[in-house]
Structures are given as structure tokens and as C-alpha cells.
Amino acid sequence: MSVGGTGKTPFTAYLINDLVNAGKEIAVVSRGYGRLSKGLKEVNNRSNASEVGDEPLLLKQRYPNVHVWVAEKREWGVKAAEDRGVDVILLDDNFQHRSVLVDVQFMLSKYGNPFFKDYPLPMGRLREFRKGAKRADFIVYTNTPEDYQGSINHYRQKTKTYSNADVRFASHQNLATQWALQSAEPKKVLAVSGIANPSGFLNACKANWAIITPLTYKDHKYYGLRDRQYIMQMLEKMGSGAAMVCTEKDWVKLKELFTADDQKRFPMGYIPVEISMDEPINIIELIKSEKP
């Protein structure tokens, strides 16, 4: 329901993990926001972000055996997934797109700016009025702080004003830094991010390294050769012991720009993020209950 920053891709990954562990063949269908191409495209290991979008490419690279399609019309991707004979189709960022009937609808809302306090664009960050929440089967409040337990009843009560959905809470967990060529222990880090809400990423960098130089761009940033040149100049200025660290969503784009020699001069890596739920969502049982 909100414009960016709610953690839709990490939540999709959370569902994928459970489905993969259950032995299901999965497809993800996305618009592929930010891509320069048109029409239906299947994402593969040779795809780049400019043709399929950064988030679909992230999911494909993290889960190589999951089918991923991008299409401006979701029904094209659904038809392709059905023709492939998959068990489950996940529609990424689909809440406002009603051309495809779904069995289970998830709505994500950021804990720090819940939909029941927000307003539609341009006054706020909502894509539609709050009453649209009634279409959700689950409303998941993301980016919850460690002390959120005292707010659970308040959030559930406020949610009931607009929806009878099952309310859950999720936190974002930063995982260990993944280095591209070799593990590193840098003394100072150039923290590069092009996501809607970089605060969690920057906090993770500050927790790991004492000297941080943030380089923040708009969400779905397209990186070109000028950006590579600028980043290399900044690393050279930072001097010995410098490294570049970015988000996983940025890495699927940035890694196409930097040569092996660049990465030998300055270590480069990314910090993966995963969702942790207060109560697990048993997606397998949900699927079973929806079958005729």
C-alpha cells in the first residue's frame, strides 16, 4: 500500500525460503520497476538490472532455481508461470494491481509510519486510501524495533478500524557482509545505497566499522560508468584500508561495473537482509486451505 521502503523484497524472500524448504516449485512475477525494457521477460543468470529490474535480479541470483518473470501486465507473467507448471506463484508488489485474482493477499506497512497514520500521495506515502487495507488477509508491520511488544495491542486495535486481516510484526536482520573476491577487514568503509530507506543499512555499517562515509542515492538507482569513476575516486581519497560496502539490491547492479582489478585494489561487498517474523506465517498450510 505504501510507496517503497516497507521491505517487500525481503518478505518475498521469506516466503520463498519456506516454499523451497517444502520442495515446492516457485515462480515470482514482478513489474521489474526501473527496467529499461518492455514486455514479458524471464530473468536468468545472464540478465542485468537494466533489462529486468534490480529486485527481480536479486531474487534470481539468491535463488537460482526459482523462476522469475517481469512484465508490466502481471497476467502475462502469471500465464508464463502456469505454462511452466509451477506449484506456487508469488506476485511481488501486487496489492494495487487487481487484474489477477489471488488466493492470499499480504499487505506490508512500515512500523514507524503505519498506514493508519499515513495519507495518500502527495500528502503522504500511501498509494490509495486506508480503507483499501480491507482486501488484505495479512497485514505485516515491518522494521519493528526491539521493544515493539508494548505496542502490539495498539497496532491491532488501530488496524481493526480498516481491516479484519491477521496482524503480524517483522524485523529486518542484517546478515554478515559478503565480500566479492576475498574476505576483508577494512578500517574505513564507503557505504553505498540506493534504496528507499537506507537507515538500517547505515546502522549496520556503523555497527561494524568505526569510519563510515555514506554515499546515498534515490531508490532503484541506475549506476553507470560515471558512478564507477566517482566511487573509485572516493575510495582512492579514503586511502589505505578503504572498502566499498553496499546493499544487496545495489550490488546486483554495481558488480557489473567494477573489474577484478578494481576489487583487488579495494575490497567490495554487500550486506544481505532477511525478515524475522514474530509469529511464523505457515504459507504451506495457507496454500492447502485455499485448494478446492
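Values in this text are rule-based calculations from the coordinates and carry no lab data. Quick caveat: nothing in here was measured; it's all calculated off a predicted structure. Positions of Cβ are generated from backbone atoms using ideal geometry, with glycine treated the same way; all protein chains shown enter the neighbour counts.
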Original post:
For Leu108, which sequence-distant residues (separation of 5 or more, or a different chain) have an amide H within less than 5 Å of its own amide H, given hydrogens modelled in the peptide plane?
Top reply: Val140
**OP:** Evaluate the charge dipole of the stretch 16-110 about its Cα centre and quote only its size in Debye, nearest 20, assuming +1 on the Cβ of each Lys and Arg and -1 on the Cβ of each Asp and Glu.
**Re:** 280
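In units of 2.2 N^0.38 Å, what is the alpha-carbon radius of gyration of the chain?
Details: Rg = 19.7 Å, N = 292, 2.2 N^0.38 = 19.0 Å.
Expressed relative to 2.2 N^0.38 Å, the Cα Rg reads 1.04.
Using 0.36 nm times the number of residues separating Met123 and Asn48, minus their current alpha carbon distance, what extension gain do you get? Intermediate values should be presented prior to the final figure.
Numbers: separation 75, 0.36 × 75 = 27.00 nm, distance 3.47 nm.
Taking 0.36 nm per residue and subtracting the Cα distance, the gain is 23.5 nm.
Ranked from highest to lowest mean number of other Cβ atoms within 10 Å per residue, what is the order of the peptides 244-252, 265-273?
Numbers: 244-252: 25.2, 265-273: 20.4.
Highest to lowest by the protection proxy: 244-252, 265-273.
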Original post:
Expressed as a whole number of Å, what is the distance separating the alpha-carbon centroids of the stretch 231-292 and the stretch 10-28?
Top reply: 19
Original post:
Antiparallel DSSP bridges in the stretch 178-271: what percent, to the nearest 5?
Top reply: 10
**OP:** Note down the magnitude of the dipole of the chain about its Cα centre, charges +1 on Lys and Arg C-beta and -1 on Asp and Glu C-beta and zero elsewhere, to the nearest 20 debye.
**Re:** 820
Subject >> Mean projected area in nm² (Cα convex hull; one quarter of hull surface) for the stretch 134-201 >> reply: 7.2
Subject >> Backbone HN-Hα couplings from phi across the stretch 125-142 [Karplus 6.51/-1.76/1.60, Hz, Gly and Pro as x] >> reply: 10, 7, 7, 8, 5, 4, 4, x, 4, 5, 6, 7, 8, 10, 10, 10, 8, 9
Original post:
Regarding the stretch 178-271, what are the three Cα extents along the principal axes, ordered largest first, in Å?
Top reply: 30, 30, 22
Original post:
Using r as the Cβ-Cβ distance of Ser199 and Val100, and R0 as 30 Å, what FRET efficiency do you calculate, to the nearest 0.05?
Top reply: 0.35
Original post:
Roughly what % antiparallel, to the nearest 5, for the DSSP beta bridges in the chain?
Top reply: 25
Original post:
Once phi is turned into θ = phi - 60°, what whole-Hz ³J(HN,Hα) does the Karplus curve with 6.51, -1.76 and 1.60 give for every residue of the stretch 260-271, x standing for Gly and Pro?
Top reply: 4, 5, 4, 6, 6, 5, 9, x, 9, x, 9, 10
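Let me have the 222 nm mean residue ellipticity of the chain computed from DSSP H runs of 4+ only, each contributing -39500 (n - 2.57), with the sum over all residues rounded to the nearest 500.
Details: 10 runs with 92 residues, N = 292.
Rounded to the nearest 500, the figure is -9000 deg cm²/dmol.
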Original post:
Could you name the aspartates and glutamates in cross-link range of Lys24, using Cα to Cα under 12 Å and dropping any fewer than eight places away on the same chain?
Top reply: Asp87
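Packing-wise, with mean Cβ within 10 Å as the measure, how do 150-156, 197-203 rank, highest first? Could you put the intermediate results ahead of the total?
Values: 150-156: 12.7, 197-203: 17.7.
Peptide ranking by packing, descending: 197-203, 150-156.
Provide, for the stretch 231-292, the number of lysine pairs with alpha carbons under 22 Å apart, each pair being eight or more places apart or on different chains. Mind dumping the intermediate values first?
Values: Lys237/Lys255; Lys237/Lys264; Lys249/Lys264; Lys253/Lys264; Lys255/Lys264.
So the count works out to 5.
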